[in-house]
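*Asks:* Below is one structure. I have some questions about it.
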Amino acid sequence: MAMGKAIPCGVYDMDSLIKSASRHACKRGMRANEKMGRVVKRIREFSRGFALGVTGLGIVLGILGTSCAGAYGATPTHTLSVATSAAGSVTGPGISCPGDCSQIYDEGTAVSLTATPNSGASFTGWSGSCSGTGSCAVVMGRNRNVGAGFGGDGGRGGGQSLSQISAGTDHTCGLRGDGSAVCWGASGGQSNPPSGTFTRLSVGGNHTCGLRRNGSAVCWGSNHTGQSTPPSGAFTQLSAGAAHTCGLRGDGSAVCWGSDHAGQSTPPSGAFTQLSASAAHTCGLRGDGSAVCWGRNDSGQSTPPSGAFTQLSAGGDHTCGLRRNGSAVCWGRNYSGQSAPPSGAFTQISAGGNHACGLRRSGSAVCWGRKKYGQSDPPSGAFT
């Protein structure tokens with residue numbers, strides 16, 4: 001009997017038919033859910049016109065649970081993964097995050113999650129399969145990811161305010177008033193900063209880099225491409241990308257290390273005043289305000305327009321910069337509108353994966369681009 005093909009007409013013994021379908025699925029190495037769905041579908045098609053009752057389905061479930069030596073389960077299941085920071089926690093059936101941040105549920109299970117900020121912190125909203133600041137309720141029809149955002153120190157600053165914050169893919173780091181670093185979120189080492197003091201931090205994909213007071217660079221976390229192995233010597237600025245890092249020397253020259261598959265770690269010669277590293281491209285600001293980019297350029301993200309800028313920010317496949325009059329200009333991929341900034345003046349700009357945000361002179365935040373997770377819908381109020 002061939003799965004996916006028409007079953008020829010004839011007289012079949014139902015028990016033999018089910019066993020044959022199950023053996024065929026096991027032989028092909030199908031996943032449990034895939035095998036279950038396909039076998040039952042074919043049997044239902046075949047049995048159209050007469051009843052396959054509870055007993056028949058019970059045979060199906062029994063065979064599917066045992067015919068592959070217990071290797072396959074009969075009930076489709078899906079995984080719920082939760083991401084949060086140490087400034088708060090998320091609880092739900094089988095979930096207590098940080099700590100236990102994933103749980104497997106049967107298909108169709110309704111799961112409710114509750115976010116609780118630590119003392120001194122506030123809940124800023126859900127992301128992923130939930131949104132807003134209310135309750136989070138999901139039905140497990142597929143694998144789902146939910147993120148919980150928290151603002152404020154939440155106990156991570158040890159009673160001290162944070163003088164700088166830098167966010168990456170799945171973790172965030174902050175600089176305390178005494179110069180020590182604190183990180184939270186996913187930890188493959190990227191959220192475990194070394195002791196000592198820093199003057200600046202830059203968070204990348206799965207690694208973090210910091211500047212010591214003597215200008216030396218220290219990086220921690222993933223190092224599979226050498227992105228956490230900085231060269232010796234002093235730097236004035238660091239910018240961590242997805243899997244590479246760039247730094248400015250005292251003479252303005254750029255030095256990069258880590259992944260270089262697209263040329264993102266091969267900067268041109270000459271002096272820069274600012275660097276911004278992203279997924280597979282890097283941009284730098286020359287002394288005269290002109291922008292220079294290198295690395296991947298399949299969407300034009302490394303082809304900046306002429307003219308002077310005061311700041312640059314490299315995003316996923318796009319780049320944004322501020323002109324001297326405060327207006328924003330972006331270039332590169334624009335399928336979500338991430339390279340189409342609104343008019344008006346900004347004091348700061350930051351490009352993300354598929355969106356960008358800017359600060360108005362009033363302190364209000366304005367964002368544009370992808371909105372699937374609410375990333376382009378900032379809260380009201382003033383920011384500094």
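The values are calculated or read from the model by the stated rules, or taken from the named source; none is laboratory data. Everything quoted here is computed from the prediction, not taken from an experiment. Here the Cβ positions follow ideal geometry from the backbone for every residue, glycine too, while neighbour counts run over all protein chains shown. All accessible areas refer to the heavy atoms of the entire protein, side chains included, with ligands and DNA or RNA removed. Shrake-Rupley method; radii C 1.70, N 1.55, O 1.52, S 1.80 Å.
*Asks:* For Val138, Val255, give me the order by solvent-accessible area with a 1.4 Å probe, most accessible first, ignoring ligands, DNA and RNA.
*Replies:* Result, largest first: Val255, Val138.
*Asks:* Give the peptides 321-333, 347-359 in descending order of average Cβ contacts within 10 Å, highest first.
*Replies:* Going by the mean number of other Cβ atoms within 10 Å, highest first, we get 347-359, 321-333.
*Asks:* Here's a follow-up. Could you give the distance between the Cα centres of the range 217-271 and the range 310-384, to the whole Å?
*Replies:* First find each Cα centre; the distance between them is then 25 Å.
*Asks:* Taking a ≥ b ≥ c as the square roots of the eigenvalues of the Cα gyration tensor of the range 274-384, is the shape rounded (a/c under 1.5), prolate (a/b larger than b/c) or oblate?
*Replies:* It comes out oblate by the Cα gyration axes.
*Asks:* With r as the distance between the Cβ atoms of Tyr335 and Arg213 and R0 = 30 Å, compute the FRET efficiency 1/(1 + (r/R0)^6) and round to 0.05.
*Replies:* My answer for the efficiency is 0.10.
*Asks:* Starting from the Cα gyration tensor of the range 291-355, take the square roots of the eigenvalues, sort them a ≥ b ≥ c, and report rounded, prolate or oblate (rounded when a/c is under 1.5, otherwise prolate if a/b is larger than b/c, else oblate).
*Replies:* Cα axes put the range 291-355 in the oblate bin.
*Asks:* Using a 1.4 Å probe on the protein heavy atoms only, what accessible surface does Ser129 show? Give it in Å² to the nearest 10.
*Replies:* Probe radius 1.4 Å; accessible area of Ser129 about 40 Å².
*Asks:* Also, I was wondering about something else. Going 7 Å from the Cα of Asp178 in the Cα-to-Cβ direction, what parts of the range 196-238 have a backbone nitrogen less than 12 Å from that spot?
*Replies:* Backbone N within reach: 196-197.
*Asks:* Between Val139 and Asp288, what is 0.36 nm times their sequence separation minus the Cα-Cα distance? Round to one decimal in nm. All intermediate terms of the calculation are to be shown ahead of the outcome.
*Replies:* Details: separation 149, 0.36 × 149 = 53.64 nm, distance 5.48 nm.
Answer, rounded to one decimal: 48.2 nm.
*Asks:* If I take R0 = 35 Å and measure r between the Cβ atoms of Ser343 and Lys372 in this structure, what FRET efficiency does the formula 1/(1 + (r/R0)^6) give, to the nearest 0.05? Please list the in-between numbers first.
*Replies:* Numbers: r = 25 Å, r/R0 = 0.70.
The computed FRET efficiency comes out at 0.90.
*Asks:* Also, I was wondering about something else. Once you have a ≥ b ≥ c as the square roots of the Cα gyration tensor eigenvalues for the range 180-299, tell me rounded if a/c is under 1.5, and otherwise prolate or oblate according to whether a/b is larger than b/c.
*Replies:* Oblate shape, in that a/c is at least 1.5 and b/c is the bigger or equal ratio.
*Asks:* Continuing with the same structure: For Asn223 and Thr384, calculate 0.36 nm times their separation in residues minus their Cα-Cα distance, and state this gained length in nm to one decimal.
*Replies:* Stretched fully, the Asn223-Thr384 segment lengthens by 54.6 nm.
*Asks:* Moving on. For the pair Ser269 and Ser122, what calculated FRET efficiency results from E = 1/(1 + (r/R0)^6), where r is the Cβ-Cβ distance and R0 = 45 Å, to the nearest 0.05?
*Replies:* The pair Ser122/Ser269 has a calculated efficiency of 0.45.
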